[in-house]
Every structure is written in C-alpha cells, then in structure tokens.
1. In whole angstrom, note down how far apart the Cα centers of the stretch 17-33 and the stretch 71-88 are.
2. So what are the three principal axis dimensions of the chain from its Cα atoms, in whole Å, longest to shortest?
3. Once both axes come from the Cα atoms, what is the angle between helix 58-69 and the longest principal axis of the chain, in degrees from 0 to 90, rounded to 10?
4. Taking a probe of 1.4 Å, how large is the accessible area per residue of the chain, in Å²?
Amino acid sequence: HLPNGEGLANAFPPLAKSDYLNKNVDKAIDIVLRGLSGEITVNGQKYNSQMPAQVLSDQEVASVLTFIYNSWGNNGTEFTEEQVRAKR
C-alpha cells in the first residue's frame, strides 16, 4: 500500500482516507486475519486483487490496525488485543 498509504492504482487499494476501511472497522480485523480476494471499491475505484491472511499475534494485529486508522486521514479508531481475539 506504499509508505504513504495511497496504494497503487489497479493493484493495491489506498489505506489513506479509505472509505472502505472507515465504514466497517470489524471488517478490517477480518481482512488481516483471513485475507481478502475479489472485487472491492475503495474511494470510488475498483480493485480486484488478493491480500493473503497475515500471521500476526492478536496484539500485533491491533497495533497495525491502530496505526492505519490513526494515520493518513482515517477515523482514529483504536483497536485492542481483546477485539482481535474475539474475531479470531
């Protein structure tokens, strides 16, 4: 998604100011834990690529998502290890 979170056209959707992520924070946990494939629309652009599940601890998932949601103009959501554990 590149260091600035802006993604790469036709390949990697943006994490910056992402309407897709900001509308459903629980889905973000699922994406990190289980991966994502198929077409999605982010900020009006269609993407059809694959993100594999990440092998991270509950605390690491919470930390990564908290960073993303508190960077690049996103909604400031704070994630906890307990939230991730409940979705796992």
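The values are calculated or read from the model by the stated rules, or taken from the named source; none is laboratory data. What you see is a predicted model, and the numbers here were worked out from it, not measured in a lab. Remember, those area values only see protein heavy atoms, side chains included, never the ligands or the DNA or RNA. Shrake-Rupley method; radii C 1.70, N 1.55, O 1.52, S 1.80 Å.
1. Between the Cα centre of the stretch 17-33 and that of the stretch 71-88, the gap is 9 Å.
2. That works out to 34, 25, 22 Å along the principal axes.
3. The angle comes out near 40 degrees.
4. On the way: 5270 Å² over 88 residues.
Dividing the accessible area of the chain by its residue count gives 60 Å².
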